[in-house]
Every structure is written in structure tokens, then in C-alpha cells.
Amino acid sequence: MSPYVWKDADRFRMLFRVVDDDAPTTGSLWLAQGDGLDFTADEQPLLLPGPQDFDTKGCEDPTVVHVDDGCLVYYTGVRSDGVAQLLWAQGPDIRSLEKRGVAHPSTPRDHNTKEATVERRGAGWLLLFEYSCKGHSHIGRAEADGPSGPWAERPDPLASRPGDWDGWHLSTGPILIDEPGGPIMFYNGANEDAVWQIGWVQLDDTLSHQLERCHEALIEAPTSAGPGGHRVAFAASVVASEGELWLYFTHNDRSLKRARLHRSQS
């Protein structure tokens, strides 16, 4: 699940979540390499749950941030009590990561922080993340001087649309940061039945509020439910390649997909 893909020189790399049906955890993070469509995974996971309690029950939802002295990986860690929090790891390269702990904690208001989207804007950094409150998933926004935080929360950049396909839950997705007219995020939305689909929203330059937003889902949910009983299409990353946009997403928390998108000429 959660295929985070980026291009490294002349090859593509993918960090993704693997769930073993017989394991007591919600998953571990694995690294793979390939041509953008076909990938070969390493023989061993890159990040395993534990031994610290902040991710002892699972590692999920990776996001890679490249910085001058290496890279950061934001990911969701699940504690022994089932609470999810946004964690981070750091290293001089993707294969030399050290866990750093909690990046943005779960709180009584912003519960189960996860699904980081991190961007540099001007002299600072912006974080979009998913959190839950009163039975709904929301997209939160926070600011920091550097990519490692600490993060100061700001108002949410967009809201759910009651009665629509994204009227009950919202979650972050990948961003095209330098688009004409403003950054575009491929976000994830769901109705009350947790049918997750992928849409797009154009944000202002500070990612603080929406300028335009799709009416219909860009990528619809699968027609049949997956093993968890829900229909899920969930965006994880986007890469510009060969004059196209390659959007990577998960189908029913089971299979990894790539959509080829073309920019409108109008």
C-alpha cells in the first residue's frame, strides 16, 4: 500500500507498505527500484515496527523529503494502544535511516495524525496531514522553520462537502507545487460509507485555502469491495515523466496502480 515513488537519477524508487496477513502489526516499509511501472523490492524491509512504542504496532504511509544533507521519511506509526501518529526518520540516504520519533503528535482534537505531505515554501516549510475528529477525517495544515519541525498548526485548507462523494472524509495526497495558477493536490475523499476516491484541488501558494476544486472524482473507487469490506482508491505520489504525470495510488488496500495523466492544453 501507499506507493511513494520518486525519480533518482535515471531510475525510479518506491517506498511502500507491506502487510503480512499473519503478522501482529499493520505493516512495515519496503524499498523497491524500477522503471516507473515495474519495480523489484529489496529482500528485507527498510523500516520495521518497534522496538519503541511509538510504532510498535506498525509503520505506514511513507513520504520522502530530500534535503541538502540527505533525506527525511515521514510515516505513520501505530502505538501499542492503536493510536496513530506522524513520525519521522532521517539519514544521509534512503538506506541509512534512523528513527527520530514523533514529528506531529496525536492530540484529543487532532487524533491519529498521518499521511504527511511536506513542501518548502519561501523561507519555511508547510505540512499537510490527515487527522480524525468526531468521526471524520480532515486535512490539517502546519508550518515550521525546517522540515523536521516543530510544527505550528494553522486552519485547515479545505473542508468536506456534505452529500457529495467527498462529504464525510478527507485525506492528503501528492502535490504539484509549481503549477500555473497555484499548487494542485490530488487529494483523497470519501462518503459516509467510506468509499474512497481521488480528486484534485488547486490551492493558493501558501497551501492555506482552495482556489478551484473538482466536482467529480478524478479516479473512482473500485466497483467491488476489498478485503476490508470497503471500496478504496487512494493517491500516494505523483511524478512528472515523459511529458506526462504519473499518479501512483492504492486499490482496495491491496494492489498498487499507476495512472497516466495529461495536462489540458486549454
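Of the residues making up region 66-84, those that are among the hydrophobic types (A, V, I, L, M, F, W, C) and either open to solvent by less than 10 Å² (accessible area, probe 1.4 Å) or out of contact with any Pro (no Cβ under 7 Å at 6 or more places or on another chain) (or both) are Cys71, Leu72, Val73, Val78, Val83, Ala84. Looking only at region 220-238, residues that are in contact (Cβ under 8 Å) with a residue 60 or more places away in the chain and over 7 Å from Trp196 (Cα atoms) come to 4 in all.
Within region 248-262, restricting attention to residues that are touching a residue at least 24 places away in the same chain (Cβ under 8 Å) and touching a Gly at 6+ places or on another chain (Cβ under 9 Å), the residue that is most open to solvent (accessible area, probe 1.4 Å) is Arg254. Only one entry in Leu31, Leu47, Leu15, Leu37 is over 20 Å from Gly77 (Cβ atoms), out of contact with any helix residue (DSSP H, G or I) (no Cβ under 7 Å at 6 or more places or on another chain) and in contact (Cβ under 8 Å) with a residue 40 or more places away in the chain, namely Leu37.
Going through Thr107, Thr113, Thr26 one at a time, which residue ends up being open to solvent by less than 40 Å² (accessible area, probe 1.4 Å) and under 20 Å from the mean Cα position of the chain (by Cα)? Thr113 is the lone residue from the list that is open to solvent by less than 40 Å² (accessible area, probe 1.4 Å) and under 20 Å from the mean Cα position of the chain (by Cα). Scanning region 204-247 for residues that are of a type in the set (A, V, I, L, M), assigned to a loop (DSSP other than H, G, I, E, B) and surrounded by fewer than 16 Cβ atoms within 10 Å (Cβ to Cβ) gives a single hit, Ala225.
The values are calculated or read from the model by the stated rules, or taken from the named source; none is laboratory data. Here the structure is a predicted model, which means the values were calculated and not measured. Glycine also receives a Cβ, built like all others from the backbone with ideal geometry; neighbour counts cover every protein chain displayed. SASA here: full protein model, heavy atoms, side chains in, ligands and nucleic acids out. Shrake-Rupley method; radii C 1.70, N 1.55, O 1.52, S 1.80 Å.
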